[in-house]
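Structure, as structure tokens:
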Amino acid sequence: FGKEAEQAYVKYYWLRENMQDHLYSAALEAHETGLPMMQAMVLAFPEETELKENETQYQFCDTMLVSPVITENARTQKVYFPKGKWYDLWSGKVESGELDVDAELLKCPVYLKAGTVMPLRMSAGLNWSEPFALEAETLVLAVVPAEHHTEWTLRSSVEDRKRLAVDT
């Protein structure tokens, strides 16, 4: 697959590793509710009829909108944003509505829902997809601006729940 594919794998591997606490919390929630961590848009946003036929993007962990590029050599991707504000993971730019966005192998379109609170384990450089060593990790709480009062629960076990609130 080549050097670019290898770079993409390493980048997204470390992004996933950096988000382990968030993923574990979402996995516990999925276990209890029966709703998957990856949800088709129609499941995640049933009130938005425009999303009924959307098969190119999904909601992940109730906090992220992911629109992977599945067309070979594509450099843009049409993304439909459900109601509310969505923040580009890579740039922080606020998006809404329906847009053609830049999409490259090394920059998959990923957006954070307004009000998201996400615990991360990162290197000292605080880069979303940079390797970290356990003995030198930095614990970070990423907080995305909220549109209204939002509550979020971090779970590290079935019994342990930490509630956090984000206000505008």
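Numbers for the structure displayed
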{"item": "Gain in span if fully extended, Glu130 to Gln7, counting 0.36 nm per residue against the direct Cα distance", "result": "43.1 nm"}
{"item": "Solvent accessible area, Å² - Lys78, 1.4 Å probe, full protein context", "result": "110 Å²"}
{"item": "Ranking by accessible area, most exposed first, for Asp102, Asp21 with a 1.4 Å probe", "result": "Asp102, Asp21"}
{"item": "Kirkwood Rh (inverse of mean 1/r, distinct Cα pairs), segment 66-153, angstrom", "result": "14.6 Å"}
{"item": "Candidate aspartates and glutamates - alpha carbon under 16 Å from Lys83, same-chain residues fewer than 8 apart omitted", "result": "Glu47, Glu48, Glu50, Asp62, Glu95, Glu98, Glu147"}
{"item": "Segment 14-128 - percent relative contact order, Cα under 8 Å, separation 6 or more", "result": "26 percent"}
{"item": "Spin-label model distance (nm) - Arg121 vs Glu48, 7 Å beyond Cα toward Cβ", "result": "3.2 nm"}
{"item": "Ratio of Rg to Rh over segment 1-91 (Cα coordinates, Kirkwood Rh, two decimals)", "result": "0.99"}
{"item": "Added length on full extension, which subtracts the Cα-Cα distance from 0.36 nm per residue, Lys83 to Leu106", "result": "5.6 nm"}
{"item": "Stretch gain in nm, segment Glu98-Met37, where the contour uses 0.36 nm per residue and the Cα spacing is subtracted", "result": "19.6 nm"}
{"item": "(i) 1.80; (ii) 0.98; (iii) 1.05, with the label sought being that of the calculated Cα Rg over 2.2 N^0.38 Å", "result": "(iii)"}
{"item": "Residue-normalised accessible area of segment 10-55, given per residue in Å² at a 1.4 Å probe", "result": "60 Å²"}
{"item": "Per-pair calculated FRET efficiency, R0 = 25 Å: Tyr24 and Arg75 via Cβ, rounded to 0.05", "result": "0.15"}
{"item": "Alpha-carbon centroids, segment 1-72 and segment 123-143: separation in whole Å", "result": "21 Å"}
{"item": "Positive-pole candidate from Gln39, Ala26, Thr71, dipole of the chain, charges at beta carbon", "result": "Ala26"}
{"item": "Accessible surface of the chain, 1.4 Å probe, proportion on carbon and sulfur as whole %", "result": "55 percent"}
{"item": "Set of aspartates and glutamates near Lys3 by C-alpha distance (under 15 Å), chain-local residues within fewer than 8 positions excluded", "result": "Glu104"}
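The values are calculated or read from the model by the stated rules, or taken from the named source; none is laboratory data. Just so it is clear, the model here is predicted, and its values are computed rather than measured. Glycine gets a Cβ as well: all are built from the backbone with ideal geometry, and neighbour counts include every protein chain shown. The accessibility values were calculated without ligands, DNA or RNA, using every heavy atom of the protein model including side chains. Shrake-Rupley method; radii C 1.70, N 1.55, O 1.52, S 1.80 Å.
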